[in-house]
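The values are calculated or read from the model by the stated rules, or taken from the named source; none is laboratory data. This one's a predicted model, so the numbers in the text were calculated from it and none came from an experiment. Cβ coordinates were reconstructed from backbone atoms using ideal geometry, including for glycine residues, and neighbour counts include every protein chain displayed.
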Amino acid sequence: MAQKILVVDDSVTIRQQVGSALSQAGFEIIEAADGQEGLNKITANPDLLMVITDVNMPHMNGLEMLEKLKANPKHSKLIVFMLTTEGQPELIERAKKAGAKGWIVKPFKAELLVSAAKKLASMA
Amino acid sequence: MNETSLQLLKQHFQEATQELLENYNVEMDGSSPNSGSIELVATLGFGSDRVAGAIALCTSARCADYLVKPIAGRNGHDWLGELANQLLGRFKRRCARHGITFAMGVPVLFRGERISMARNLDMNRSIRLAFQTPGGNLEAWLDFKTSANVEFLCGPIQNDAPSEGEILLF
C-alpha cells in the first residue's frame, strides 16, 4: 500500500508539480489549498505519513497549521516539510521549533524533493 | 532613501526578476519599452515598520499560458500568481542581505483590459520592467515607500537564509 502524502499549497500548479513528482516515486497524494483545509484533510486521513506545506497561504498559513497539528498528540509524529518561497531565518527557526523536519526554498528540483521525502519516510 | 540604496533596491528587483524567468526557461528578447496588452495582474503586498509596498507581474492571458507550458501546468492564471510569489521571495532574500526585511502577503490576481502603470509616478518609488517573450509582453512592477532614514546597509551582511532550491533537513 502506497504511503500517503498531503500537499498543501494555494497554487494548484505547485500542487500538481509536487504531486506528480511524488506519485511517480510511488507515494499516494492528497491535496489542500490552505492550512485550514490541510487540518481537515489531516483529521480525515489518519494514515497520513507526511505533509508538505507552503507557508504563506490565505485563511491559515503553513506555520499556524504546523503549530496546531503538533499541539494535538494524535498528530505529533506526523512528518511535516515546508516548501516555500520564504527563507527568513526566523521563520525557519519557528518551523523547526514547532516540529517541522525540513524546509525547501522554491523553486524546487523534483528529484531533490523526492529524495528528501524518501529519506524522511525511511526514518518514520 | 539615498541614491545608493535606491540603486541597490532597483538592481535587486531587476536581478530577482531576471533570475526567476531564467530559472523557468522563459526566453526574453531584450526589453520592451511599450506596454503590451496587459489583461492579468498578479500582485502581492509586503510590509514592515521600515518598508512597505507591492509587486506585480502583468501580462496577457496568452502569455500566462505560454509561461505555464514549460512546467506542464494547465492554469496560466494560477501560475502567474505563483511566479509573483516567488519573485517577491527572491527580492526579499536579496533585501535581507542588506538588513531590510518584511512580511509577505499572498498572491491576488485581477483581470482587466489594457492595464498599464501610471505615467506620472515618482520613479524613486516605482520600478517598471518590461520583457518581450515568445508568448507576449511581460512586465514586473514594484511600488514601495520607506520610513525616514531607511537605508540599505552597504556590503552584504551575514545572512543564514537558504538559497532558492536549497533543502534543509532538521
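Regarding B:ILE115, is this residue of a type in the set (A, V, I, L, M) and over 16 Å from the mean Cα position of the chain (by Cα)?
Judged against the criteria, B:ILE115 is a match.
Among the listed residues A:ALA121, A:ALA33, which satisfies the condition of being within 14 Å of chain B (Cβ to nearest Cβ), over 24 Å from B:ALA161 (Cα atoms), surrounded by fewer than 22 Cβ atoms within 10 Å (Cβ to Cβ) and modelled with pLDDT of 95 or more?
Being within 14 Å of chain B (Cβ to nearest Cβ), over 24 Å from B:ALA161 (Cα atoms), surrounded by fewer than 22 Cβ atoms within 10 Å (Cβ to Cβ) and modelled with pLDDT of 95 or more holds for just one of A:ALA121, A:ALA33, which is A:ALA33.
(1) among the hydrophobic types (A, V, I, L, M, F, W, C); (2) within 15 Å of the chain's Cα centre (by Cα); (3) more than 10 Å from every other protein chain (Cβ to nearest Cβ): which one isn't true of A:ALA71, the others all being true?
Condition (2) is where A:ALA71 drops out.
Would a scan of region A:42-50 turn up a residue that is within 14 Å of another protein chain (Cβ to nearest Cβ) and either touching a Pro at 6+ places or on another chain (Cβ under 7 Å) or outside any helix (DSSP H, G or I) (or both)?
Yes.
For A:SER115, indicate whether it is part of a helix (DSSP H, G or I), more than 9 Å from chain B (Cβ to nearest Cβ) and among the hydroxyl-bearing types (Ser, Thr, Tyr).
Judged against the criteria, A:SER115 is not a match.
If you check A:LEU91, A:LEU120, A:LEU113, A:LEU83, which single one turns out to be over 29 Å from B:ASN25 (Cα atoms) and under 13 Å from the mean Cα position of the chain (by Cα)?
A:LEU120
Condition first: under 30 Å from A:GLY19 (Cβ atoms) and part of a helix (DSSP H, G or I). Can you find one or more residues in region B:53-61 that meet it?
Yes; the residues of region B:53-61 include at least one that is under 30 Å from A:GLY19 (Cβ atoms) and part of a helix (DSSP H, G or I).
Could you grab me the full set of residues in region A:7-26 that are buried (at least 22 other Cβ atoms within 10 Å of the Cβ) and not hydroxyl-bearing (Ser, Thr, Tyr)?
A:VAL7, A:VAL8, A:ASP9, A:ASP10, A:ILE14, A:GLN17, A:VAL18, A:LEU22
Which ones in region B:1-27 are surrounded by 15 or more Cβ atoms within 10 Å (Cβ to Cβ) and within 16 Å of B:VAL51 (Cα to Cα)?
Once the filter is applied, which keeps residues that are surrounded by 15 or more Cβ atoms within 10 Å (Cβ to Cβ) and within 16 Å of B:VAL51 (Cα to Cα), region B:1-27 yields B:MET1, B:SER5, B:LEU6, B:LEU8, B:LEU9, B:LYS10, B:HIS12, B:PHE13.
Output the residue which, of all residues in region B:81-99 that are more than 9 Å from chain A (Cβ to nearest Cβ) and in a helix (DSSP H, G or I), is surrounded by the most Cβ atoms within 10 Å (Cβ to Cβ).
Among them, the one singled out is B:LEU83.
State whether the residues of region A:95-112 include one that is in contact (Cβ under 8 Å) with a residue 24 or more places away in the chain, in a loop (DSSP other than H, G, I, E, B) and either within 15 Å of B:GLU166 (Cα to Cα) or more than 12 Å from every other protein chain (Cβ to nearest Cβ) (or both).
yes
Look through region A:67-83, keep the residues that are basic (Lys, Arg) and in a helix (DSSP H, G or I), and return whichever of them is farthest from A:ARG15 (Cα to Cα).
In this case the residue turns out to be A:LYS74.
Quick one: what pairs do we get from region A:15-30, first residue within 14 Å of chain B (Cβ to nearest Cβ), second crowded, with 19+ Cβ neighbours inside 10 Å and among the acidic types (Asp, Glu), C-beta under 6 Å, 6+ apart or different chains?
Final answer for the pair search is A:ARG15/A:ASP9.
Can you name every residue in region A:65-96 that is crowded, with 16+ Cβ neighbours inside 10 Å and aliphatic (A, V, I, L, M)?
A:MET65, A:LEU66, A:LEU69, A:LEU78, A:ILE79, A:VAL80, A:MET82, A:LEU83, A:LEU91, A:ILE92, A:ALA95 - these are the residues of region A:65-96 that are crowded, with 16+ Cβ neighbours inside 10 Å and aliphatic (A, V, I, L, M).
Looking only at region B:1-15, how many residues end up being in contact (Cβ under 8 Å) with a residue 40 or more places away in the chain and in a helix (DSSP H, G or I)?
Selection size over region B:1-15: 10.
Of the residues A:GLN36, A:GLN24, only one is farther than 19 Å from B:GLY105 by Cα and not aliphatic (A, V, I, L, M); which?
Selected residue: A:GLN24, the only one of A:GLN36, A:GLN24 that is farther than 19 Å from B:GLY105 by Cα and not aliphatic (A, V, I, L, M).
Which one of these does B:THR146 not meet: (1) under 30 Å from A:ALA33 (Cα atoms); (2) among the β-branched types (Val, Ile, Thr); (3) in contact with a helix residue (DSSP H, G or I) (Cβ under 9 Å, 6 or more places away or on another chain)?
Unmet condition: (1).
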